[in-house]
Number of protein chains: 6
Amino acid sequence: MDSDRPVVRLARSYRFSAAHFYWDPRLDAEENEKLFGKCANRHGHGHDYRLEVVLQGVPNPETGMLFDLRELDRTVASALLERLDHRNLNHEVEFFASRQPTCENLALYAWQALAGRLPAGRLEAVRVHESADLVAEYRGPRG
Amino acid sequence: MDSDRPVVRLARSYRFSAAHFYWDPRLDAEENEKLFGKCANRHGHGHDYRLEVVLQGVPNPETGMLFDLRELDRTVASALLERLDHRNLNHEVEFFASRQPTCENLALYAWQALAGRLPAGRLEAVRVHESADLVAEYRGPRG
Amino acid sequence: MDSDRPVVRLARSYRFSAAHFYWDPRLDAEENEKLFGKCANRHGHGHDYRLEVVLQGVPNPETGMLFDLRELDRTVASALLERLDHRNLNHEVEFFASRQPTCENLALYAWQALAGRLPAGRLEAVRVHESADLVAEYRGPRG
Amino acid sequence: MDSDRPVVRLARSYRFSAAHFYWDPRLDAEENEKLFGKCANRHGHGHDYRLEVVLQGVPNPETGMLFDLRELDRTVASALLERLDHRNLNHEVEFFASRQPTCENLALYAWQALAGRLPAGRLEAVRVHESADLVAEYRGPRG
Amino acid sequence: MDSDRPVVRLARSYRFSAAHFYWDPRLDAEENEKLFGKCANRHGHGHDYRLEVVLQGVPNPETGMLFDLRELDRTVASALLERLDHRNLNHEVEFFASRQPTCENLALYAWQALAGRLPAGRLEAVRVHESADLVAEYRGPRG
Amino acid sequence: MDSDRPVVRLARSYRFSAAHFYWDPRLDAEENEKLFGKCANRHGHGHDYRLEVVLQGVPNPETGMLFDLRELDRTVASALLERLDHRNLNHEVEFFASRQPTCENLALYAWQALAGRLPAGRLEAVRVHESADLVAEYRGPRG
């Protein structure tokens with residue numbers, strides 16, 4: 001085994017509960033409902049999201065760890081969970097003022113919020129699970 | 001086995017996504033936040049709920065079934081899911097105009113909505129799972 | 001705590017995969033389809049069942065165990081799993097020659113197969129999970 | 001972020017219940033049982049399958065969505081679920097008349113059924129989960 | 001509905017990771033292995049336990065809650081999780097110095113630790129899930 | 001479809017329960033606790049691990065299978081499960097005498113133990129799930 005420099009991936013999951021709805025302000029109510037179905041209800045509905053943060057790299061030989069999980073937890077909490085958990089994504093998260101809060105866009109948002117706060121090249125992917133049956137993944141601008 | 005009249009229980013699960021928040025209008029913002037924490041955010045947040053409907057009785061000997069599941073599905077859809085799924089519980093469900101939309105109260109609401117639409121004595125319990133780690137159960141006024 | 005003789009419940013899960021279909025031989029094809037929907041397809045379809053066996057009693061003070069799990073596993077395997085796993089319930093299990101293989105009837109079958117092979121009073125309930133969203137429970141002729 | 005043209009992946013899950021068995025008609029019963037074990041029981045057994053359809057591409061900037069999920073649901077229902085759900089794969093699906101209905105072959109079948117009905121390049125992978133512990137993935141002829 | 005005083009049940013789950021092994025000091029190594037199988041390895045092995053705490057009572061009409069969850073979380077953390085999580089049950093928990101750390105005995109231990117710290121009659125049951133397939137329940141000395 | 005030689009991936013999961021702790025012998029107790037938190041408790045704690053073995057290749061056209069699962073099960077049992085299940089990783093697995101038993105290192109260990117016992121090129125990845133929320137993956141020295 002080329003075990004001197006083995007590259008490993010590590011995925012850690014976080015959870016947050018948020019409300020959202022889909023609405024295009026250039027369309028009227030009927031058009032929005034046609035486009036987005038019951039997700040166009042502006043009173044909002046909600047989900048229990050699972051966010052997976054996938055890191056890659058060579059583990060530290062002393063600790064056997066790719067990254068200090070307590071540091072990762074703090075970074076994810078301050079960069080993402082505090083802004084998303086128990087929030088209305090449409091009304092309280094700036095990024096979604098001009099974008100629909102789909103899980104695709106949540107993955108882009110999570111990457112943007114995390115990539116700069118982690119060592120270069122460490123973040124490999126983010127995945128946003130809106131439910132057990134729907135998940136979006138973003139692997140970065142080169143991915 | 002006293003299999004002529006065996007009493008069986010059957011639990012069927014349904015899912016709905018809804019937004020909610022906790023707020024007592026007699027209290028000010030600070031008091032609400034002290035009482036309800038981040039759930040007091042009136043922009044709302046949300047959950048993917050699982051509703052379990054538990055029936056009991058003697059299965060029909062011809063069909064081997066306690067209850068026709070397609071009929072149960074229709075009843076639960078019209079009595080509950082259409083009113084709760086993709087809704088804001090505080091703003092769109094009358095029952096919660098004067099009650100907090102906790103899972104305890106959701107269980108009371110679900111019982112009230114279903115018991116009268118099912119044959120007498122058939123409904124044994126309703127359970128509302130707000131998450132994998134929190135579930136409320138109501139077994140009716142005698143239970 | 002009345003801990004000299006504490007009564008504890010223990011639930012252990014087993015899994016089996018089986019094929020089945022619903023068909024009443026006194027009805028014609030159209031009537032069967034009306035009654036049972038796509039479950040009336042006599043080519044059969046299938047499920048991954050989970051069987052929960054619930055025991056009750058006072059744990060043995062030396063082992064701290066209500067029942068020897070290896071013995072329970074052997075009993076459930078010989079009394080149930082060997083007869084149900086990778087079988088067609090309609091064609092290969094005598095009990096279902098004259099009953100629909102619903103999860104209600106599977107619970108009755110499991111009770112009948114197990115109760116006599118366990119010490120009197122030990123078996124409290126059997127639960128047959130046909131899917132994550134449908135489960136039948138039988139608590140015995142007195143239950 | 002090169003967010004003008006971010007490539008995102010989206011995985012959506014569908015479920016179906018089917019019966020199957022493994023049998024090579026050129027072998028006799030003993031040889032089939034040696035090769036396939038209890039899966040060689042021609043009465044069939046069954047599973048609750050989960051099918052994951054993985055799409056890739058640039059989300060629509062107006063809707064924030066990679067693909068209209070209602071359209072995807074209709075396509076998967078007509079191309080796959082209606083042919084597989086509550087069916088016996090060996091007896092009722094032409095593709096398996098000459099191939100064993102393993103999850104590997106189900107993944108090939110699902111790709112073949114879906115790829116031509118989706119915009120070119122959109123389908124990235126299909127995954128067929130036969131159980132919580134066994135999943136096959138096919139990423140297409142170039143994959 | 002007798003909704004003035006509806007009795008509701010609420011189950012909340014907690015998780016802890018612990019090591020344990022089974023060993024009867026009055027028996028020799030061979031006898032222990034015969035009795036407990038590979039669980040008799042005194043180097044220990046471990047599990048990720050799920051503890052369910054089930055309360056019952058009439059919800060507070062103002063909050064709609066049976067019990068303040070933050071208070072419950074604090075009570076369970078100090079009475080149980082701090083003593084069990086990331087511990088070796090045999091070596092670090094006094095209760096198991098003279099009892100095998102089975103899930104049956106963990107349920108008795110959890111009841112004993114919690115019942116006196118909650119209002120009289122509030123605790124209805126504790127359940128200790130040693131795995132997805134094995135769970136013990138204790139409903140108290142009267143239960 | 002280029003279905004003459006379709007390359008398919010197959011992931012199969014195995015489970016084991018083990019105890020472990022993190023400790024660097026060159027550091028004192030205080031430094032170890034600072035570095036590893038409550039994982040530095042040398043009495044050990046434990047987890048129920050899930051090991052995913054991912055194979056790739058062209059399925060056998062006769063069996064429709066990428067690999068004989070019974071053979072894979074035997075290989076994984078003898079190469080890994082018998083050495084890890086119901087074991088204390090620190091005290092009983094040589095590989096971890098000089099490495100921390102993190103899930104990153106467990107993935108490296110599992111690859112090393114399996115790759116040589118499978119046909120060249122068949123093993124694509126191993127994943128070690130320490131919990132539902134933490135998983136490490138190793139794709140080999142070229143991966």
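Across the residues of B:109-115, average count of Cβ atoms on other protein chains within 10 Å?
Across B:109-115, the average partner-chain Cβ count within 10 Å equals 1.
If you put a point 7 Å past Cα along the Cβ direction, how far is that point for E:ARG42 from the same point in each other copy, in nm, smallest first?
1.8, 5.8, 6.5, 6.5, 7.2
Let's see if you can work this out: charge +1 on each Lys and Arg Cβ, -1 on each Asp and Glu Cβ, no other charges. What is the dipole magnitude of the stretch E:44-83 about its Cα centre, in debye to the nearest 20?
120
Sticking to Cα atoms, compute the Rg of the protein assembly as shown to one decimal and its Dmax as the biggest Cα-Cα distance, whole number, in Å.
When restricted to Cα atoms, the protein assembly as shown yields Rg and Dmax of 27.3, 80 Å.
Mind listing the label-point distances from F:GLU124 to the same position on all other copies, shortest first, one decimal in nm, points 7 Å along Cα→Cβ?
1.4, 1.4, 4.5, 4.5, 4.7
Looking only at trypsin sites (Lys or Arg not before Pro) in DSSP loops with at most 10 other Cβ atoms within 10 Å, what is the longest site-free stretch of chain B?
The answer is B:27-141.
Could you tell me what percent of the accessible area of the stretch F:8-138 is made up of carbon and sulfur, with a 1.4 Å probe and every protein chain present?
In the stretch F:8-138, the share of accessible area belonging to carbon and sulfur is 48 percent.
Please work out the C-alpha center-to-center distance from the stretch D:16-51 to the stretch B:47-68 and express it in whole Å.
With the stretch D:16-51 and the stretch B:47-68 each reduced to a Cα centre, they are spaced 32 Å.
Shielding of A:88-94 by partners, i.e. mean partner chain Cβ atoms within 10 Å per residue?
3
About its Cα centre, what dipole magnitude does the protein assembly as shown give when the only charges are +1 on Lys and Arg Cβ and -1 on Asp and Glu Cβ, stated in debye to the nearest 20?
Roughly 0 debye for the protein assembly as shown.
Give the average, rounded to an integer, of partner chain Cβ atoms located within 10 angstrom of each Cβ in B:72-84.
Counting other chains' Cβ atoms within 10 Å and averaging over B:72-84 gives 0.
Relative to the present Cα-Cα distance, how much length would full extension add between C:GLU94 and C:HIS43 at 0.36 nm per residue of separation?
16.5 nm
Kirkwood Rh over alpha-carbon pairs of the stretch B:65-136, then Stokes-Einstein at 37 °C and 0.692 mPa s: what D in µm² s⁻¹, rounded to an integer?
It comes out at roughly 250 µm²/s.
Rounded to the nearest 100 Å², what's the accessible area chains A and B bury against each other, both chains counted, probe 1.4 Å?
The contact between B and A buries close to 1500 Å².
Using a Förster distance of 51 angstrom, determine the FRET efficiency expected from the C-beta separation of A:LEU27 and C:SER131, and round it to 0.05.
The formula returns an efficiency of 0.85 here.
Answer rounded, prolate or oblate for the stretch B:1-134, using the Cα gyration tensor with square roots of eigenvalues a ≥ b ≥ c: rounded when a/c is under 1.5, else prolate when a/b is larger than b/c, else oblate.
Judged from the Cα gyration tensor, the stretch B:1-134 comes out prolate (a/c at least 1.5, a/b above b/c).
Please report the antiparallel percentage of the DSSP beta bridges confined to chain C, to the nearest 5.
Bridges in chain C are about 90 percent antiparallel.
Kindly report the accessible area of chain F per residue (heavy atoms of protein chains, probe 1.4 Å, no ligands, DNA or RNA), in Å².
44
Taking the Cα centre of the stretch A:8-138 as origin, work out the dipole magnitude from +1 charges on Lys and Arg Cβ and -1 charges on Asp and Glu Cβ, in debye rounded to 20.
240
What fraction, in whole percent, of alpha-carbon pairs in the stretch E:7-80 exceed 15 Å separation?
67
Label position 7 Å from Cα toward Cβ: report the copy-to-copy distances for C:ALA97 in nm, one decimal, ordered from shortest.
Here C:ALA97 shows inter-copy label distances of 3.4, 6.3, 6.3, 6.3, 7.5 nm.
If the cut-off is 27 Å between C-alpha atoms, which lysines fall inside it for D:LYS34, apart from same-chain ones fewer than 8 positions away?
D:LYS34 reaches no qualifying lysines.
Towards the positive end of the charge dipole of chain B, with charges on Cβ (+1 Lys, Arg; -1 Asp, Glu), say which of B:ALA125, B:HIS20, B:PHE96 has the farthest Cα.
It is B:ALA125, whose Cα lies furthest towards the positive end.
Based solely on its DSSP helices, what 222 nm [θ] is calculated for the protein assembly as shown when runs of n ≥ 4 H residues each add -39,500 (n - 2.57) and the sum is averaged over all residues, nearest 500 deg cm²/dmol?
-6500 deg cm²/dmol
The values are calculated or read from the model by the stated rules, or taken from the named source; none is laboratory data. Quick caveat: nothing in here was measured; it's all calculated off a predicted structure. Because the Cβ atoms are built from the backbone with ideal geometry, glycine has one as well, and the counts that use them run over all protein chains shown. With ligands, DNA and RNA removed, areas are computed over all heavy atoms of the protein, side chains included. Shrake-Rupley method; radii C 1.70, N 1.55, O 1.52, S 1.80 Å.
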